[in-house]
Structures are given as C-alpha cells and as structure tokens.
C-alpha cells in the first residue's frame, strides 16, 4: 500500500469516526424575557448616551427630531404586535387582535395572544412580533446577549450569535383544539428571514412542537465544508423575528387564542476561535459604526412612531384624570 493510499484511508477513517456535537441554547424564553430585555434596554441607553456625547451626529434633536428613549416598558409582552393578513387587516380585527402576559401554572409568565381572523372558510395568517426589531449588538459593537460574565449567548433575549447550521428548533405551544398551524420566523445577519414550520396546534394543553432539519448530518464527509468570512462581518447570528399562525379553510375564523413559552435551538457553532490574537473591533470599530448608523435610522423612523405613541398615551391619561376629577351634575 502506497503512502498516498494509506493517508487517504486514515483521513476517511477519521472523517467517518468524528461527528459534530450540536450546541443547544434557548433563543427566547418568555418567563424571563421582560427582566432580561430590561437589562439590555438599560445598558443600551447608557452606552448610547456615552457614544452620543462624543458624536454630535447621533443627537437628532439638533435637526428637530423628537428625543425618545427606548425603555424596558416599551418591550413588555403586552406591547407585542399582531399583524394580520391583508384580507383580515381591518380596524375591527386589529382592535380584537393583541398580546398579553399570561400566567401559567406550569411555566409562570408566557406570551398570550388573541387573534381575530377573517370569518368564513378562507385561508389566512397572522404574525406575532416584538414591538421593535431585536438588535444583536450595542452602539459600541458589543453583543447584547451576554451577562456580566461576557460568556457567549449567556443572556436569553431573542438573539443567538455564532450560529452555523441549525439542527432543530422546538417551542412549547398551548393549544385549545383548533386546527391552526404555527411556524417560527428567524432573521440572520444579512436580514434574510426564514420560516420553520412547527406543525398543527390541534390539541389541548401544552405540547412541545419540534422542527428537525432534514438536511442536517453529523457525518463530516457528507457535509459541505466552507469558510465563513469573519471580521469586519459580525459573527453569524440568528434573531427571533416572529411567530406565524396559519388558519386553514376548515376553521371558520373569528376569535382564536394561543400561548407561547419559548423557542429552543440546536445548532453548530459557525466559528471556533477560543482566543483572539487581535481584538479586531477595538482596533477598527467597524461594527460599532455600522450599529450607530442603524441606530440613527431607527431613531428617525421607529423613534417617530414611539414619540407619537407616547403622546397618545399622555392624552389618554390626561383625559382619564379629567374624567375622574370632574363632578357629575346634580339631579334636578
């Protein structure tokens, strides 16, 4: 046996005997979402104010834009949005479609959603989304999903970084015997969204729905091996985008209620770099500049909507106070 043939046999043996070990992490967990996103919102505001003090371009008030702050109260579960299909997108249906923080005996706080589908035997759908797009890193380029230990993916809040191939997704969903179906929509670092069909909700109570990637394999020799571009691109990350609920023709529509507890993911790490010889971001600051540019755009668009929403809240609160202090006319 020649050396070349022997080397090929050895490499083939190694490839067939080595398998990948997928990492299992929680992408989003509603019992802990509000306190975790509160930490992110607080840190985000402090970092943004620090960056803005050294960069006048971030201060949009000099251009006449309203000054707004994203706080933990803006991310609570009752602020999540229900977006209806165009055929069902009426004022009456929108008013009757909203989210709440629901109390579960098994899981504590979960995301409860009421959807008012179009009535009749029509196909329809609804998306349940966070109030704002979940962002992966702060204005200074640091990832948001890290606790004080700075460990990778240590804070569960809807973002997972360093994600390669996805092996599986799972989500606990509470059904009430309706033949609706559900999917999880995820967004990657290139702003591409992918829908993962989780299955039917035609059951009663909590059930763990699972999507398994049919293209996933543990065998190295059967994988498509590739090099991923690193800095100045961010590590490949996955962000939670929305839940989707589909109404089939067999359901008459009208009111529908569903509860979600979490989304778990099994995946391969995209990049294994245990120790960085050079801290790229601290030297070049490219990611922080990209984040800052996006932040300014967010403050112009989302900030304007948030400002109008806060103004309407103040008007309603003022009207409520006036109605309670106004004395009723005396009966004649």
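The values are calculated or read from the model by the stated rules, or taken from the named source; none is laboratory data. As the structure is a computational prediction, the values presented were derived from the model and not from experiment. FYI the Cβ positions are ideal-geometry reconstructions off the backbone, even for glycines, and counts take in every protein chain you see.
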### Query
Picking from 31, 35, which residue would you name as being exposed (fewer than 13 other Cβ atoms within 10 Å of the Cβ), at pLDDT 95 or above and either touching a helix residue (DSSP H, G or I) at 6+ places or on another chain (Cβ under 7 Å) or part of a helix (DSSP H, G or I) (or both)?
35
### Task
Evaluate segment 301-318: report whether one residue or more is assigned to a helix (DSSP H, G or I), more than 22 Å from residue 52 (Cα to Cα), modelled with pLDDT of 80 or more and in contact with a helix residue (DSSP H, G or I) (Cβ under 9 Å, 6 or more places away or on another chain).
no
### Summary
The one condition residue 146 fails out of (1) in contact (Cβ under 8 Å) with a residue 12 or more places away in the chain; (2) under 16 Å from the mean Cα position of the chain (by Cα) is (1)
### Query
Inside segment 176-186, can you point out the residues that are part of a strand (DSSP E or B) and either surrounded by fewer than 20 Cβ atoms within 10 Å (Cβ to Cβ) or at pLDDT below 95 (or both)?
176, 181, 185
### Of residues in segment 113-155 being assigned to a strand (DSSP E or B) and within 30 Å of residue 23 (Cβ to Cβ), the one modelled with the lowest pLDDT
137
### Query
Quick one: is residue 20 surrounded by 14 or more Cβ atoms within 10 Å (Cβ to Cβ), modelled with pLDDT under 70 and within 30 Å of residue 216 (Cα to Cα)?
yes
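Every residue, every condition in (1) over 30 Å from residue 271 (Cβ atoms); (2) free of Cβ contacts under 8 Å to residues at least 40 places away in the same chain; (3) loosely packed, with under 15 Cβ neighbours inside 10 Å, yes or no:
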residue	(1), (2), (3)
90	yes, yes, yes
100	yes, yes, no
115	yes, no, no
128	yes, no, no
### Of all residues in segment 221-243 being touching a helix residue (DSSP H, G or I) at 6+ places or on another chain (Cβ under 6 Å) and loosely packed, with under 15 Cβ neighbours inside 10 Å, the one that is modelled with the lowest pLDDT
221
### Summary
The residue from 282, 288 that alone is assigned to a helix (DSSP H, G or I), modelled with pLDDT of 75 or more and in contact with a helix residue (DSSP H, G or I) (Cβ under 9 Å, 6 or more places away or on another chain) is 288
